[in-house]
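The values are calculated or read from the model by the stated rules, or taken from the named source; none is laboratory data. Predicted model, so just to flag it, every value in this text is computed and none were measured. A quick note on method: Cβ atoms are made from the backbone with ideal geometry, for glycine too, and the neighbour counts reach across all protein chains shown. For the accessible areas, the whole protein counts, side chains as well, though only heavy atoms, and no ligand, DNA or RNA atoms are used. Shrake-Rupley method; radii C 1.70, N 1.55, O 1.52, S 1.80 Å.
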There are 4 protein chains.
Amino acid sequence: MKNSIEKINQFRDERNWRQFHNAKDLALSVSLEAAELLEIFQWRSSEEAIAAEPEHLKEEIADVLIYTLMLADDLQMDVSEIIDEKLAKNAIKYPIVDTIDDQNS
Amino acid sequence: MKNSIEKINQFRDERNWRQFHNAKDLALSVSLEAAELLEIFQWRSSEEAIAAEPEHLKEEIADVLIYTLMLADDLQMDVSEIIDEKLAKNAIKYPIVDTIDDQNS
Amino acid sequence: MKNSIEKINQFRDERNWRQFHNAKDLALSVSLEAAELLEIFQWRSSEEAIAAEPEHLKEEIADVLIYTLMLADDLQMDVSEIIDEKLAKNAIKYPIVDTIDDQNS
Amino acid sequence: MKNSIEKINQFRDERNWRQFHNAKDLALSVSLEAAELLEIFQWRSSEEAIAAEPEHLKEEIADVLIYTLMLADDLQMDVSEIIDEKLAKNAIKYPIVDTIDDQNS
């Protein structure tokens, strides 16, 4: 992921865009792109959406990642580390059992 | 990012959760986590939010990434590649100029 | 709707909350509440969600309306009017035809 | 609000659109429109957004209301009632005090 973050930062520095990139507006942007991703599934099943707009799906997933990586980097986070830490917290909340867990229990 | 995706997949397979993970609900989940991230900034400035809840910020950014990486992997996407492709499209839409670009122009 | 807006305004003025209610944070709040509404449907079908959490559905729909009505009122909008105007615009975009319209065409 | 709901229902029945309107996709649509509303404030202050796009603000607020009223009506909710009930619950959670309340306390 370090390589992607470097390319993303190069892109925004070439255009002098960091001046706009405060944390609140970056978090807001993550939400906006998440909605553009979700829109592909509006009125459709998963299969219909994937069949109808495979390229658009790639673009919106990329957009969500780009804004999230910018925000994480601006907050000096190591994304591999924070994912590991969150998985560790999730493992305590959802211990492995023998039967199938309902994700909402 | 491949290492993070492997750990995320191991986590959900240990718990047999892929049965729930259709693309539409994963995209919906990305939106939900994006909102939990944005909530940290509700009624606050960027600085106030960062000072008030630094750990919570890490957790919510991790959650957005975890769901997005699960969706990307289920759709057989290479996240480094789709980020590169989107940056390439963005470079055409926002060419580098000598003056400061307004991101919304 | 005027009656609801009066009660909502009385509620926030009794608590001196308008000081926090700038338009950007109100719009952000509408998004947060929309996500809390959508969460009821995570991993579930419409029928499962309605059966599982009928009271929670009422609360979240009310929350979305409360924040949206506050924002509309602060911007001096008449909500019946703006709904009429948007339906008129939609009627031009989606004229009535003899066959069934695909909402995404 | 009854009058608005009648016009909204007439609009969708003239076009035979209720066939698409399951609760989950309506809730998803509320989220999408909330994001389109929030987008007007991206990279901007409240004042800048209001000055830049006053008509667009009316349209997106109307869209959020239209989808929310459709969902509420399909679930047989009386919107004035559910707003009253939520304000009553909020009044218990946030009692009126003599000093200024922090909304997040």
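A few notes on this one:
- Distance between modelled label sites at B:I96 and D:V97, nm, 7 Å Cα→Cβ extension: 5.5 nm
- Exposure check, 1.4 Å probe, all protein chains in place: C:S46 carries approximately 10 Å² of accessible surface.
- The convex hull defined by the C-alpha atoms of chain B has an orientation-averaged projected area of 9.3 nm².
- Anisotropy class of the protein assembly as shown from Cα gyration tensor, a/c 1.5 cut: rounded
- Other copies of D:H56: label-to-label distances in nm, shortest first, labels 7 Å along the beta-carbon direction: 2.0, 3.0, 3.5
- Sulfur and carbon atoms: percent of accessible area, chain D [1.4 Å]: 49 percent
- Distance to the A-onto-D rotation axis is smallest for one chain A Cβ; residue and value in angstrom are A:A35, 2.
- Computed helical MRE - 222 nm, chain D, DSSP H runs ≥ 4 contributing -39500 (n - 2.57), nearest 500: -22500 deg cm²/dmol
- Links that overshoot a 32 Å alpha carbon limit, given the list A:K89/B:K2; D:K7/D:K86; B:K2/B:K24; C:K93/D:K89: C:K93/D:K89
- Total charge dipole magnitude, the protein assembly as shown, about the Cα centre, Cβ charges on Lys, Arg, Asp, Glu only, Debye to nearest 20: 0 debye
- In this assembly of identical copies, the label point of A:D13 (Cα plus 7 Å along Cα-to-Cβ) is separated from its counterparts by 3.8, 5.3, 6.2 nm, sorted shortest first.
- Pseudo-label separations to other copies for B:D78 - Cα-to-Cβ vector, 7 Å, nm: 2.6, 6.0, 6.1
- Student exercise, chain C dipole from Lys, Arg, Asp, Glu Cβ charges, in Debye to nearest 20: 380 debye
- Under 16 Å from a label point set 7 Å out along the Cα-to-Cβ vector of A:Q10, the amide N atoms of segment B:75-95 belong to B:80-92.
- Taking all protein chains as shown and a probe of 1.4 angstrom, C:D73 keeps an accessible surface of around 50 Å².
- Computed accessible area, C:W43, all protein chains, 1.4 angstrom probe, square angstrom: 40 Å²
- For chain B, the relative contact order comes to 33 percent (Cα pairs under 8 Å, sequence separation of at least 6).
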